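All of the numbers you see were taken from the coordinates with simple rules; none came from a lab. This structure is a prediction, so every number in the text was calculated from the model and none was measured. Note: ideal-geometry Cβ built from the backbone for every residue, glycine included; neighbour counts use all protein chains shown.
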Amino acid sequence: MRNRLVPYLFVSPAMILLLAFGILPIGVAAVISTTNMNISAFASWSNVDFVGLDNYATLFADKDFWQALGNTGFFAVIGVPSIVVVSLVVALLLNRGQGRFFRALRSFYFIPAITAIVAVALVWGYLYNTQFGLFNYLLSLVGVEPVQWLSDPWLSKFSVALVAIWRGTGLNIIIFLAALQGVPKEYLEAASLDGAGGLRQTWSITIPLLRFAIFFVSVTTTISWLQFFDEPFVLTDGGPLGATTSASIFLYKEGFRLNQFGYASAGSIVLFAIIAIITIVQLRLRRADDEY
Amino acid sequence: MSTSTARARSRALTATIGAALGVGALITAFPFFWMLLTSVKPQRESIDFPPSILPQEPTFEWYVRLFTELDFARYLGNTVIVVLFGFVGLLLMAMAGYAFAKFDFRGRRWMFFLVLATMMIPVQVTMIPTYLILNGMKLTNTLLGIALPTLVTGFSIFLFRQFMSTIPTEMLEAARIDGAGEFRIFFRIVLPMSGPILAVQVVLTFIGGWNSFLWPLIIASDQKLYTLSVGLALLNQQLAVNPSLQMAAASVMVVPILVVFVVFQRYVIQGFALSGLK
C-alpha cells in the first residue's frame, strides 16, 4: 500500500503548483473575460457583473487595440526575417572555423541573450539619447543632424526592434550551430570534387539540409515577437503616442494600470487565439512543403 | 588550379571570415563595454558631448551610492531570495520528473499531458488571472508571490523526465531490496546520477530568477520587496540625468550573469539549446 502512494508524493508538489499557475489561470481568464471585473471587485465581489461578450465587442471597436495589433504585426514582419537571416548567416560563418578563436566568438554573440532586459534597455537608452548619446555623436561625425531615436513615432519602432533583434539572435545562432553539426561532411566533399564553390555548396546543400532548423527557428521567433513586451516596455513604455505599444503592452496597461481585469482578459484570449492560429498555419505550411 | 593555391585561398577566406566575425562580435558586445566604461565615469563626463571613450577620472562613487544612498543592498538581497525559491522549485520539478520517469501510477498519462500543455500557453494569458489568484491567497506583495508563478515549468519537468528515464531501473530495485527508503533512493542515487541535467537546470534557474522582471513588477508594490530588475527600471524613470549611476546599476545586474556564463558556459549554452527546442 505504501508503495502505491510513493509516486504521488513525488509528483504532487510540482503538479499542484502547475495546476494553480499553469492550468487554472486559463479557465479564470476565460471566465473573467465575460465580466466587467475591475479594481472594485477587491472591495466586494458584488461589484462584478456578467456582461457576456461585451468586452470582446468593445475590444474590436477599440482603436488602441487595433493599433497595438498593427504594431505587433509590424514588429513581427521586421523582426522575424531579420533574426532568422542574421542568425543563420552568423552561424554558417562561425561554423567555418573550428579553432579556439571561433569558439570564443560564439560566446560574444550569445551574451545579449542571457543578460537582464532592464539593464540592457538602460544601456541602449543611453546610446540612443538625443543629446549625449553615442549614436548621435557618431552621426554628427559624418555631418548628420541629431536623430530622435526613441521619440519619433516611426523611428522608435525600428529602434526598439533593433534592441530585440540584437538580443534575439544569440539563442538562434546556437540552435543553427547545433543543426549544422548534423550536415554530413561527405555531401560537401562530393560537391567540392564536382567543382562547386563554397557559396554554391552552402546554398544548394547546407541550407536545404537545415530546412527543419530554419522552420523551427521561424516558428519560435514568430511566437516570441507576437508576445513582444520587454524592450518597448522599458525603452519607451509603449510611446510615443502608442507607436511602440505591442499587444502585450496594451494588455499590461489595461490590466495593471487601469485595473480593467475583465477587459484585459478578453484581450489576452484574443491574442492567444491569434498566436495559436498563426502557429497552426505555419505547421500546415510546413506539412504541405514536405509533400512535394 | 593546383591544390596548394586552392588551400591558400581557402585559408585566406577563413581568415577574412574570422576578422569579419570578430568585428561583429565586438559590435554585439559593445553596449556592455560602454556600460562598464560609463559606470566609472564622473557624471560630467558621461553627459559630455562629444563623449570620451575612456573615463578621464575613473571613480567608483556610483557603486558606493547604489548601496549606501539607494536601496540596492535590499534589492540584491530580495533577488537572491527569489533565486533561492527557484532552487526549491527545481527540486520539486526533479521529483516530479522522477515520478513520471520511473513509476507507473494512475493518472500518469493525463498529468503528463497537462505538463506538456502548459508549455504552449503565453504569459499574457496567465498574467491577470495569476495576479488575481495570488491576491486571493494574500500573496501579492510577498517575495514568495513573486517566485510562485514561475516556480514550476512544464518544460523543466519534461527535461528531468527525459533524462531520468535513462537511469537503469535495476539499480533502484537493488537499493529497494537492500531496504533503502524511497526518498533516500531519490537523493542518494537518482539526483547524483542526474548531474548533467541538474547542472544545466541550476544555471538556467539562476539566470531566469536573477533576470526576472514581469512578476516582480506586477507582484511587488512595496519598495521593500523590489528586486534588482524593478529597482533598475525605477532608476530609469527617476534619474534620467545621471547615466553614470544608471550604468553602475546595470553593471551590478549584468556582471554576475557574465561571471556565471564564463564559468558555466558549457551548461548555459547546452541548456538554452535545449530550451529552444520546446
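Values computed for the structure shown
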{"quantity": "Highest-fluctuation residue, B:Arg188, B:Arg106, B:Arg74 considered, GNM on chain B with Cα pairs under 10 Å", "calculated": "B:Arg106"}
{"quantity": "Three-way shape label, chain B, alpha-carbon gyration tensor, a/c 1.5", "calculated": "oblate"}
{"quantity": "Calculated from backbone phi, Karplus (6.51, -1.76, 1.60) coupling profile of segment B:48-63 in Hz, x at Gly/Pro", "calculated": "5, 9, x, x, 8, 5, 9, x, 7, 10, x, 9, 9, 4, 5, 5"}
{"quantity": "Candidates B:Thr150, B:Thr38, B:Thr166: whichever shows maximal mean-square fluctuation once chain B is modelled as a Gaussian network with Cα springs under 10 Å", "calculated": "B:Thr166"}
{"quantity": "At R0 = 41 Å, FRET efficiency that the Cβ-Cβ distance of A:Thr130 and A:Asn47 yields, to 0.05", "calculated": "0.35"}
{"quantity": "Cβ-based exposure ranking for A:Ser204, B:Ser212, in which fewest neighbours within 10 Å come first", "calculated": "A:Ser204, B:Ser212"}
{"quantity": "Neighbouring partner chain Cβ atoms per residue of B:96-103, average, 10 Å criterion", "calculated": "5"}
{"quantity": "Computed FRET value (nearest 0.05) for B:Gln162 with B:Ala15, which takes r as the C-beta separation and R₀ as 35 Å", "calculated": "0.25"}
{"quantity": "Cα gyration tensor, segment B:3-59 - rounded (a/c under 1.5), prolate or oblate", "calculated": "prolate"}
{"quantity": "Fewest-first sequence of B:Ser244, A:Ser192 by Cβ atoms within 10 Å of each Cβ", "calculated": "A:Ser192, B:Ser244"}
{"quantity": "Burial ordering of B:Leu134, B:Leu114, fewest other beta-carbon atoms within 10 Å first", "calculated": "B:Leu114, B:Leu134"}
{"quantity": "Stretchable slack from A:Ile39 to A:Val219, in nm (0.36 nm times residue separation minus alpha-carbon distance)", "calculated": "61.1 nm"}
{"quantity": "Average beta carbon contacts from partner chains per residue of B:38-48, 10 Å cutoff", "calculated": "1"}
{"quantity": "Pairwise centroid distance, computed over Cα atoms, of segment B:65-99 with segment A:243-292, Å", "calculated": "30 Å"}
{"quantity": "Modelled FRET efficiency - R0 51 Å, B:Met137 with A:Leu139, Cβ distances, 0.05 increments", "calculated": "0.45"}
{"quantity": "Column: log10 I(q)/I(0), Debye, Cα scatterers of segment A:225-292, q = 0.26 Å⁻¹", "calculated": "-1.09"}
{"quantity": "Reach of A:Lys253 by Cα under 16 Å, taken over lysines that are not fewer than 8 positions away in the same chain", "calculated": "A:Lys63"}
{"quantity": "Listed residue (B:Met120, B:Thr59, B:Phe103) projecting farthest to the positive dipole end of segment B:43-139, Cβ model", "calculated": "B:Phe103"}
{"quantity": "Inter-part distance where segment B:177-205 and segment A:144-187 are each reduced to a Cα centre, Å", "calculated": "38 Å"}
{"quantity": "Difference of contour (0.36 nm per residue) and Cα-Cα distance, A:Leu199 to A:Ile277", "calculated": "24.4 nm"}
{"quantity": "Simple spin-label estimate for B:Phe60 and A:Ala190 in nanometres, 7 Å along Cα-Cβ", "calculated": "6.2 nm"}
{"quantity": "Shielding by other protein chains, B:217-227, mean Cβ within 10 Å", "calculated": "1"}
{"quantity": "The protein assembly as shown - charge dipole about Cα centre, Lys and Arg +1 at Cβ, Asp and Glu -1, debye rounded to 20", "calculated": "1540 debye"}
{"quantity": "Ordering of A:71-80, A:175-184 by burial proxy (mean other Cβ atoms within 10 Å per residue, highest first)", "calculated": "A:71-80, A:175-184"}
{"quantity": "Estimated inter-spin distance, A:Ile207 and B:Ala29, nm [label 7 Å along Cα→Cβ]", "calculated": "3.0 nm"}
{"quantity": "Segment A:124-246: relative contact order as a whole-number percent, Cα under 8 Å and 6+ apart", "calculated": "27 percent"}
{"quantity": "Placed amide H near A:Thr35: partners under 5 Å, 5+ positions off or other chain", "calculated": "A:Val51"}
{"quantity": "Anisotropy class of segment A:133-177 from Cα gyration tensor, a/c 1.5 cut", "calculated": "oblate"}
{"quantity": "Highest average packing first - B:119-129, A:39-49, B:223-233, Cβ atoms within 10 Å", "calculated": "B:223-233, B:119-129, A:39-49"}
{"quantity": "Where labels lie 7 Å past Cα in the beta-carbon direction, separation of B:Gln265 and B:Met171 in nm", "calculated": "3.0 nm"}
{"quantity": "Cross-link partners of B:Lys224 among aspartates and glutamates (Cα-Cα below 17 Å; sequence separation of 8 or more within a chain)", "calculated": "B:Glu69, B:Asp71"}
